[in-house]
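Notes to accompany the following structure.
No lab work stands behind these numbers, since they all come straight from the coordinates. Keep in mind that this is a model prediction, so the values were computed, not measured. Methodologically, a virtual Cβ is constructed for each residue, glycine included, from the backbone with ideal geometry; neighbour enumeration extends over all protein chains shown.
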Amino acid sequence: MDIPLLSLMIFTPLAGMVFLMFLKQEQVKIIRYSSAAFSFIPLVLSFLMLGEYDWTTSQLQFVEKAIWIPSLSVNYSLGADGLSVPMLFLTALLSFISIVASFGISHRVKEYFAFFLLLEVGMMGVFAALDFFLFYVFWEVMLVPMYFLIGIWGGPRKIYAAIKFFLYTLFGSIFMLVGILLLYFNTEPHTLDIMELIKMGPAFGKDLQIMVWAFFFIAFAIKVPVFPFHTWLPDAHVEAPTAVSVILAGVLLKMGTYGILRISFPMLPFGTNYFSLLLAVLGVIGIIYGALVSMAQKDLKKLVAYSSVSHMGYCLLGMSVFFVGADGKAFITGLSGCVFQMFSHGLITGALFLLVGVLYDRAHTREIEAFGGLWTKIPVYGSLMTFFAMASLGLPGLSGFISEFLVFVGGFARYPVLTGIAVIGVVLTAGYMLRMVQKMFLGQFNVRWEGLTEINAREIFTIAPLAILTLAVGIYPKPLANLMAATLENIVTLVNR
Amino acid sequence: MLSETASLVFWVIAFVTIISAIFVVSLRNIFHSALFLVLCLFSVAGVFVLLDAEFLAGVQVLIYVGGVAILMIFAVMLTSRMTNSEVRQQNEQKALGALVAFSFLLIVTGAILKTMSVKGGFGLSPSPSVTISTPHAIGRLLLTNFVLPFELVSVLLLVALIGAVVLAKKDGD
Amino acid sequence: MEFPQIDYVAILPEIIICGLALLIMLFAAFLPRDRRWITGHIAWFGIIVASFAVWMNWGTDTRTFAGMYSIDLFSSVLKLIFLLGSLLVVFMSENYIRLHKLEAGEYYALIIFSLFGMMMMASAADLVVFFVGLEIMSVALYVLAGFRRSDPKSNESSLKYFLLGAFATGFIVLGIAFVFGAVGTTSIAQMFDPQQYTLANSFFYLMVGGGLLLIGLAFKLASFPFHMWVPDVYEGAPTAVTAFMSSGPKAAAIAVLARVFVVAFGQHITQLSPMFWSLSVLTMFTGNLIAISQTNIKRMLAYSSIAHAGYMLIAFATGTAEAVNSVVFYLLTYTVMNLGAFMVLLVVEGKEDGDNEITSFTGLGRRHPFLGAAMTLFLISLAGIPPTAGFAGKFFLFKAAVAKGQIPLVVIAVINSLISVYYYLRVVVVMFMIDTQTEFRPVSYPAFLYVALVVAVLGTIVLGVFPTSFFPFDIPLLASGR
């Protein structure tokens, strides 16, 4: 590859942001379409990347490296493998969709799209960075636009939610910073190159590994969010505007699990083994707790938000199982389940938030109880909602099923009891999702919604790709499985060093 | 070491210094306080003489007695209200202040005693053999090795002068 | 005893700056009242010339004035930081002076004199020189704090600063006396020459001296427990002077701390480390926790400057040359971002001064996006979020501390920067997120202030993204040669 694909994907939105600054606040149309265009370019590039990617190897591809801060041996170094390629694609897709879905924003349009593009820069950067310093910078860069997006365009308690989000995430990431420094000083020569650090992984002392793993875990767990750190999520999700919720659920939460898989796992093998049971336990707690709380929700958006806590629990359970079998083959079922879940949760929950937004734009309420029998009035919307609810509860044939199935198969290999408890989560999920569908779309039609209009073409345009991908991955998961297999095998081998 | 007489003189001077210092901070008439300050500063000059630091003694008298203390007395006398009035010299934080002052005294005394009790005391010779008089030596030093601080002090005085003019002049001048 | 050799080329920057101050006084005396603003232009031009002189001397490594004055990379870097800070302050002041009808000539002369004092402190290789430099800097600042003579708050500020500052000065002199008593020299370079004194005899004595010096310097640095004056003085002083006060003297105090405690007391830094450790922690918490409850932006920035003093002290708890280098870089970033925040404050407060409530920023981000964005940048930089200068500064500092095993201290510092985010973001909330019916009043962009603002914005970004390109991180702490 001659063109710096990853750099282009990261910095095209930045160029878009600069471009927006030269436009006038009143040129709303130009602002909307140009930001859509600037976020469409990374999507096209990500297709190119998917095409170019050689999935037979776990080698990093599309590598770029340039010296940045020599005295710290910090490099501008990017690369992608089977773990980051699906995430980069998901980010590009969801960013584009969210920007199109935000065309309805009419308040301070220019700033909104500028922040959105900056957010995309940060997200792309996190998934492509191979240098710790760079990773950390992107990780934090993303915070600021997110803070503004929630704080300016959010709901009634937006300021509270924005600050809570910011402080929580920052709290985690500063621990990551300390962890990074600790690793830096325990290498000789000092390096911040993630790949170099992975090579040195087993050489780190046991106490150091445990400490640094815990530091990193705080940072990543807050992002995921893992059970005791999850309280920022419902606030942020509920107050954020629709498109921002999509990004939050679709991409930001994945950064946590991505970080664990990319950094903690291969870099700190002892720490990972030491804490693997904790991962599984926290995962199961998340699954059950998230599902139970979802059942109690009256607000549709809160329900989806808490279902994220539950669904991300599957990721944790899946990733907690890793071993090299007696035949010398790495056991990657659990890890595949985790990555599948990351991908499909991004699609499904993204779509669910979009759909919630569609309804809220028209009805100005999200009370589940307030609706009823909507199917007769807006059948297309109803079927889309039902489709994604089914996908979320793991209906076979849709992507959610694949991931949950893989997680359970993987989980049984090591933690049969815990996995058994986790299966209850599926039942609970089915419970609240079906109850939601039933209360909103079936039953007596509430005449209050006589004037409700059907979902429009633009909204369908934003949701359709997600539906198609959900179906495609559910029916034929092989390409995605192939894409990640080599990388995950490599990760499992590295953890078991 | 000091001779017998000198030692006696030292104790007398020290006594006078401390007593007058106590009067400075305890008398209610502020004018009397100022006068005792003059006495206190004078006695300190006496200590300097005993230590063969004639120049320092001279400076002490010139600047502190002749300058600072006299200025204070002027200020007290010019503000007629204060000349005869009785003022309280203490406030509600006196206990705390006494504690801080006392602990500082302890630290300093401790430092001195600890240093004295060590064999050999200071690394410096206790009384440097001075062949020329102290004003002469200090003058030489100020114009050779210490010429930089000496010159800088003039800048400092200039700044203080400008500052005083800025703060004191009338508006519109 | 011969008259010492003086290297006039090496001290050219100081000569220029001192001459500049005198020149300004002279011009002010002969210019008619309504033309005295010209002195401002002389001031910034002179500062730039002096910066060139420093740049010309880059790499000079010598001591002059009988070893009392050290011109080396360390002092050159610090001088450039002082010069940059003063340049920005001069740019900021131009409009302020016009609005508030202050005496331009005296104002600029005092700023330049204060700068001169700082430069002396940065180069001092002898405690006496350091002391006189400190006094030149301080006396000028005492007067500047009270420059708005008709404003009682400004008077209060000046008097408070003067009284407490004089008190701190007393400690410094006493400290120098003790140190001299213990080691028999005031020269920083000779202080720990084993031939010069027998340490075993006077160690306690020396430590008392060091402690007294530290008290005096902690006052100038605004470190706990000598921080009480900061909010009142900052609030009352003219805003441009507050900006100057919050960056320059801090940097000068850090320079002296580095010379005295890391170079001269170098052998004992491990014994001193716990003291700096606790000072640092207490200062950080005091600054950050009290800042949360402030409603006046000047007071908030005052407490934030206390907190930053706490971060800077980490370098001395660490006590390595690397840590000192990082703290000098930190000073550079702090100067840029802190002055930037004050510039926005200057624009916002405009003529109707006195009300510097945070709420006065309401709606700024909507009406004046550039100002709002710049302020946001400075605030997130102060909070230490990448990719801004503040983050780079903290990163290098924490890195140096972790290298020496100060992990708990770094964790505490990191928690503190988290606390600080809360109050910095409050300003951002007010600027962008509160919907008001009333539009923010129009503001004027005075040309010079605007230039300074652009410099600060660029500095904050560039220092954050390319920290090592503009800053040497391997500065020796004292000139090696004589």
Query - Per-residue Cβ neighbour rank within 10 angstrom, fewest leading, A:V63, B:V100 - result: B:V100, A:V63
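Provide the packing ranking of C:247-255, A:12-20, C:24-32, i.e. peptides ordered by the mean count of other C-beta atoms within 10 Å per residue, highest first.
Numbers: C:247-255: 26.3, A:12-20: 20.6, C:24-32: 15.3.
Listed from highest to lowest mean packing, they are C:247-255, A:12-20, C:24-32.
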**Report entry** Distance between modelled label sites at B:L113 and C:F30, nm, 7 Å Cα→Cβ extension
**Finding:** 6.5 nm
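May I ask you to derive the FRET efficiency for A:A203 and A:T56 from their Cβ-Cβ distance with R0 = 35 Å, giving the value to the nearest 0.05? Could the numbers behind the result be given before it?
Values: r = 29 Å, r/R0 = 0.84.
Efficiency, from the Cβ-Cβ distance: 0.75.
Rg(Cα) of the stretch C:198-356 divided by 2.2 N^0.38 Å?
Working: Rg = 16.7 Å, N = 159, 2.2 N^0.38 = 15.1 Å.
Ratio of Rg to 2.2 N^0.38 Å for the stretch C:198-356: 1.11.
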**Report entry** Cα long-axis angle, helix A:28-52 against chain A (0 to 90 degrees, to the nearest 10)
**Finding:** 50 degrees
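Kindly flag which residue pairs out of A:K29/A:K298; A:K164/A:K377; A:K110/A:K377; A:K29/A:K164; C:K220/C:K399; A:K164/C:K298 have an alpha-carbon separation exceeding 29 Å in this structure.
Working: A:K29/A:K298 37 Å; A:K164/A:K377 39 Å; A:K110/A:K377 35 Å; A:K29/A:K164 33 Å; C:K220/C:K399 26 Å; A:K164/C:K298 25 Å.
The pairs that break the limit, which is 29 Å between Cα atoms, are A:K29/A:K298; A:K164/A:K377; A:K110/A:K377; A:K29/A:K164.
At 1.306 mPa s and 10 °C, plugging the Kirkwood radius over alpha-carbon pairs of the protein assembly as shown into Stokes-Einstein gives what diffusion coefficient in µm²/s?
Values: Rh = 33.0 Å.
Estimated diffusion coefficient is 48 µm²/s.
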Query raised in the report: So which GluC sites (Glu not before Pro) in the stretch A:425-497 end up in coil per DSSP with only 12 or fewer other C-beta atoms within 10 Å?
Result: A:E450
Query raised in the report: Using helices alone, what [θ] at 222 nm do you get for the protein assembly as shown, with -39,500 (n - 2.57) per DSSP H run of 4 or more residues, divided over all residues and rounded to the nearest 500?
Result: -23500 deg cm²/dmol
Query raised in the report: Hey, rough spin-label estimate for A:L471 and B:V25, points 7 angstrom out along Cα→Cβ, what's it come to in nanometres?
Result: 9.1 nm
Query raised in the report: What percent of all Cα-Cα pairs in the stretch A:171-237 falls in each 5 Å bin, counting up from 0?
Result: 4, 17, 23, 22, 14, 9, 7, 4, 1
Requested in this report: Please determine, in degrees from 0 to 90 and to the nearest 10, the orientation of helix A:109-128 with respect to the longest principal axis defined by the Cα atoms of chain A, where the helix direction is its Cα long axis.
Outcome: 30 degrees
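Take the Cβ-Cβ distance between B:V9 and B:A95 as r, set R0 to 35 Å, and report the resulting FRET efficiency rounded to the nearest 0.05.
Working: r = 36 Å, r/R0 = 1.03.
Once rounded, the FRET efficiency stands at 0.45.
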Query - Value of relative contact order over the stretch C:72-183, rounded to a whole percent, pairs C-alpha under 8 Å and six or more apart - result: 20 percent
Report summary line: The whole-number value in µm²/s of the Stokes-Einstein translational diffusion coefficient for the stretch A:62-108, with Rh from the Kirkwood sum over alpha carbon pairs at 20 °C and 1.002 mPa s, is 158 µm²/s
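Could you grab the relative contact order for the stretch C:12-469? Cα pairs under 8 Å, six or more apart, rounded to a whole percent. Intermediate values should be presented prior to the final figure.
Numbers: 769 pairs, mean separation 64.1, N = 458.
So the answer I get is 14 percent.
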Query raised in the report: Hey, how much of the P(r) for the stretch C:30-183 falls beyond 26 Å, as a percent of Cα pairs?
Result: 36 percent
Query raised in the report: Per-residue HN-Hα couplings for the stretch A:331-343, Karplus 6.51 cos²θ - 1.76 cosθ + 1.60 at θ = phi - 60°, whole Hz, x for Gly and Pro?
Result: 8, 10, 4, x, 5, 4, x, 4, 5, 4, 5, 4, 5
Query raised in the report: So what are the ³J(HN,Hα) numbers for the stretch B:16-26, from phi and the Karplus equation (6.51, -1.76, 1.60; θ = phi - 60°), rounded to whole Hz, Gly and Pro as x?
Result: 4, 4, 5, 4, 5, 5, 5, 4, 4, 8, 10
**Report entry** For the stretch C:12-469, Kirkwood radius (reciprocal of mean inverse C-alpha pair distance, Å)
**Finding:** 22.0 Å
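Over the alpha-carbon set of chain A, divide Rg by the Kirkwood Rh and report the Rg/Rh ratio to two decimals. Could you put the intermediate results ahead of the total?
Numbers: Rg = 21.6 Å, Rh = 22.6 Å.
Rg/Rh for chain A comes to 0.96.
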Report summary line: Under the 7 Å Cα-to-Cβ spin-label approximation, C:D474 and B:F74 lie apart by a distance in nanometres of 5.9 nm
**Report entry** For the stretch C:37-101 and the stretch A:234-287, distance of Cα centres in Å
**Finding:** 51 Å
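Once the Cβ-Cβ distance between A:K478 and A:F11 is put in as r, and R0 is 35 Å, what FRET efficiency do you end up with, to the nearest 0.05?
Working: r = 33 Å, r/R0 = 0.95.
Computed FRET efficiency for A:K478 and A:F11 comes out at 0.60.
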Report summary line: Per the stretch A:142-275, sqrt(5λ) over the Cα gyration tensor eigenvalues, sorted largest first, in Å, gives 32, 13, 12
Query raised in the report: With Rg and the Kirkwood Rh both taken from Cα atoms, where does Rg over Rh land for the stretch C:1-75?
Result: 1.12
Report task. Under a cut-off of 18 Å between alpha-carbon atoms, report the aspartates and glutamates in cross-link reach of C:K250, not counting same-chain residues fewer than 8 places apart. Result -> C:E135, C:D232, C:E235
Query raised in the report: If you bin the C-alpha pair distances of the stretch B:1-64 every 10 Å from 0, what whole percents do you get?
Result: 24, 45, 25, 6, 0
Report task. Enter the angle in degrees (range 0 to 90, nearest 10) between the Cα long axis of helix C:407-428 and the first principal axis of the Cα atoms of chain C, meaning the one along which they spread out most. Result -> 20 degrees
**Report entry** Overall Cα dimensions of the stretch A:425-497 - principal axes, largest extent first, Å
**Finding:** 64, 32, 19
